[in-house]
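The values are calculated or read from the model by the stated rules, or taken from the named source; none is laboratory data. None of these values were measured; they are calculated from a predicted model. So basically every Cβ, Gly included, is an ideal-geometry build from the backbone, and we count neighbours across all protein chains shown.
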Amino acid sequence: MAETFSRGDAQYWPIYGSSNTTERNSPYASLLRLLRSHSPTSSQLFGLLALFISGGILLFLLGLTVTAVGIGFVVFLPLIIISSPVWIPVFIGVGGFLSVAGFLVGTLAVVSWAYRYFRGRHPVGSDQMDYARGRIYDTASHVKDYAREYGGYFHGRAKDAAPGA
């Protein structure tokens, strides 16, 4: 059954099988227009090519590194197993020493900063500390003033929480 359309209705129907693929009613026309309007420049293509080449080289080097580590681990595994009674206490001792030394340096840094701050020498970050202290003081005084003026934050709120009480 053939349908007949007026000339105005036919322009909205797709034309398939046309020799011109960029024709306005083609199902791919909008895609082709989008691709043409966003086609990359030659410098972007060169950058993409450089990215792929450098990425491939780095991926190759990563493969070589992983392979070398695996082979080295297999080759030196007997030596590691034989000498493990020596290495385990060494690692524990070195790790413990570095932990204690790190905590000591951190503690000394905090004590030194606090000493300089309270002596009024303005160490690094003291302006931020003063700003935070001022903000806390301002907020506390605002809460106190509000409580004095309006009878507190929770004044008259008890009946809202429990209307039947």
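Out of V124, V74, V90, V86, one residue alone is of a type in the set (A, V, I, L, M) and surrounded by 10 or more Cβ atoms within 10 Å (Cβ to Cβ). It is V90.
Of the helices (runs of 4 or more DSSP H) lying entirely inside segment 48-165, those containing at least 3 residues that are modelled with pLDDT of 95 or more and of a type in the set (A, V, I, L, M, F, W, C) span 84-118.
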